[in-house]
Protein chains: 2
Amino acid sequence: MARTPTSSPGKRDQIITAARSVFLESGFAGASMDRIAARARVSKQTVYNHFGCKADLFAAIVRKRCDEMTHTLVFPKSGDTAEVLRQLARQFIEITLTPEAIALYRTIICESARCPELGAAFYAAGPDRITESLAEYLNQRPGQSRMNLSRARILAEQFFAMLHGHLQTRALLGLSTAHPTQRNAYLDQAVAMLLAAGYET
Amino acid sequence: MARTPTSSPGKRDQIITAARSVFLESGFAGASMDRIAARARVSKQTVYNHFGCKADLFAAIVRKRCDEMTHTLVFPKSGDTAEVLRQLARQFIEITLTPEAIALYRTIICESARCPELGAAFYAAGPDRITESLAEYLNQRPGQSRMNLSRARILAEQFFAMLHGHLQTRALLGLSTAHPTQRNAYLDQAVAMLLAAGYET
DNA sequence: GTCTATATTTCGATAGAC
DNA sequence: GTCTATCGAAATATAGAC
């Protein structure tokens, strides 16, 4: 932030772009600073001047990318419960099944083993935020008696688990993801199950 | 198999044990053949004589571990639907949230980016097998009209997605996993939701 | 701040004695 | 089959000129 070099803001962007593509392509351990520098068309020393070391560079890329993706998903403001859930689900699936999103998620998972703070930061910036939004919505939607907040939280977690669970698992393992029509079947099933569970009790 | 060295079956086991712990500890790229050999108290050349190269050694470890874990989970043979689901869920959660299972899964995910066959082999040996078992059961349980098989398959996938989705995601990111009492809440919710969805239509 | 050049370490894999 | 010793490549990080 305040550490930003006084000149050449362009080089910094070149490095970020190049580093992101190399990291997502080869993972953290598999990416080399030489390749990052080469792809950024910049000397390696310039990379070190801007980001200090490999780990810090990676953390900077992840933080930036998480913010971008989180702000892409907007909570629907209008419509009945079914429609809100369907819109939310559609956005969620579209964002999380992007090849770049899968590659980023994969790399974060891989690196969380040696750097738990990274996983925690990602969880707080991504899954936790959106889950909490849905839990709040479920707890105070119009025309419904309020449910236990912890129960709403579990319902929200299971809703997103149903959406991302199967398809994202396949994607993480490098397997083909379902066709859009099949995705819609998952989406509708998840919405139906949440509604059935949410209105009882 | 037939390639097994004629003598010293003990060394091979030492190498497998050491390699597994090093790979799960540091990932594929982060693990070095030197450390594996040192931990196995064996020379590096001996490792190469047994497994050829680093990738083959890793694949052998993953295959063995998948088999072990798959055979640990047994499909319940008796009980009503709710009880069968509950038992299945309990086994599934206990096995998949083991630290070793998480570490293995993490490493497979990480390496699937560069080696899709590994992810495919894991999926076929693990998730696919158990999901298919549940789908068959749902489709032919006594006293119920048969449902569409593809629908049963989706229900089964969503059942396991609900079970592993949230908790396993947290574990993969290095975050704390819920207390056993909280796990039971997830388990019961998942069973209830599947029953509600499975008996309608 | 940016470059070229290099120091230093560590890796996967191999050679050769026994 | 197993060991010690080592090669050649590639890695992270730094030094010093401009």
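Scan the range B:132-151 and give yes if some residue there is in contact with a Leu (Cβ under 8 Å, 6 or more places away or on another chain) and facing another protein chain (nearest Cβ under 8 Å), otherwise no. No, there is no match, as no residue in the range B:132-151 is in contact with a Leu (Cβ under 8 Å, 6 or more places away or on another chain) and facing another protein chain (nearest Cβ under 8 Å).
In the range A:153-168 there is no residue that is surrounded by fewer than 18 Cβ atoms within 10 Å (Cβ to Cβ) and either over 19 Å from B:Met193 (Cα atoms) or among the hydrophobic types (A, V, I, L, M, F, W, C) (or both). The selection criterion, being within 18 Å of the chain's Cα centre (by Cα), modelled with pLDDT of 95 or more and within 16 Å of DNA strand D (Cβ to nearest atom), does not hold for A:Ser43.
Restricting attention to the range B:7-20 and to residues that are away from DNA strand D (no atom under 13 Å from the Cβ) and crowded, with 18+ Cβ neighbours inside 10 Å, the residue that is nearest to B:Glu100 (Cα to Cα) turns out to be B:Arg20. Taking the criterion of being outside any helix (DSSP H, G or I) and surrounded by fewer than 21 Cβ atoms within 10 Å (Cβ to Cβ), the residues of the range A:92-125 that qualify are A:Leu97, A:Thr98, A:Arg114, A:Cys115. Looking only at the range B:92-113, residues that are farther than 15 Å from B:Gly27 by Cα and in contact with a helix residue (DSSP H, G or I) (Cβ under 8 Å, 6 or more places away or on another chain) come to 5 in all.
Considering the conditions (1) within 8 Å of another protein chain (Cβ to nearest Cβ); (2) farther than 18 Å from A:Leu175 by Cβ, B:Arg183 is excluded by exactly one of them, (1). For the range A:61-70, the condition holds for at least one residue, the condition being that it is within 16 Å of DNA strand D (Cβ to nearest atom) and without any contact (Cβ under 8 Å) to a residue 60 or more places away in the chain.
Yes or no, residue by residue, for (1) under 24 Å from B:Ala113 (Cβ atoms); (2) within 14 Å of another protein chain (Cβ to nearest Cβ); (3) touching a Phe, Trp or Tyr at 6+ places or on another chain (Cβ under 7 Å); (4) of a type outside the set (Asp, Glu):
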position: A:Gly27; (1), (2), (3), (4): yes, yes, no, yes
position: A:Arg41; (1), (2), (3), (4): no, no, no, yes
position: A:Phe51; (1), (2), (3), (4): yes, no, no, yes
position: A:Cys66; (1), (2), (3), (4): yes, yes, yes, yes
position: A:His71; (1), (2), (3), (4): no, no, no, yes
position: A:Glu83; (1), (2), (3), (4): no, no, no, no
position: A:Ile93; (1), (2), (3), (4): yes, yes, no, yes
position: A:Arg106; (1), (2), (3), (4): yes, yes, no, yes
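The single condition among (1) touching a residue at least 24 places away in the same chain (Cβ under 8 Å); (2) surrounded by fewer than 15 Cβ atoms within 10 Å (Cβ to Cβ) that A:Gly27 does not satisfy is (2). For the range B:12-47, a residue qualifies if it is among the polar types (S, T, N, Q), assigned to a helix (DSSP H, G or I) and within 12 Å of DNA strand C (Cβ to nearest atom), and the qualifying residues are B:Ser26, B:Gln45, B:Thr46. Testing A:Ala196 on (1) more than 9 Å from every other protein chain (Cβ to nearest Cβ); (2) in contact with an Asp or Glu (Cβ under 9 Å, 6 or more places away or on another chain); (3) among the hydrophobic types (A, V, I, L, M, F, W, C), one condition comes back false. Which one is that? That leaves (1) as the condition not met.
Cβ-Cβ distances below 6 Å connect the following pairs, each with a first residue in the range A:113-138 that is in the same structural domain as A:Ser78 (by TED's automatic domain parsing), a second residue that is part of a helix (DSSP H, G or I) and surrounded by fewer than 17 Cβ atoms within 10 Å (Cβ to Cβ), and a separation of six or more residues or different chains: A:Ala125/A:Thr70; A:Gly126/A:Thr70.
The values are calculated or read from the model by the stated rules, or taken from the named source; none is laboratory data. This one's a predicted model, so the numbers in the text were calculated from it and none came from an experiment. Please note: Cβ atoms are built from the backbone with ideal geometry, for glycine as well, and neighbour counts cover all protein chains shown.
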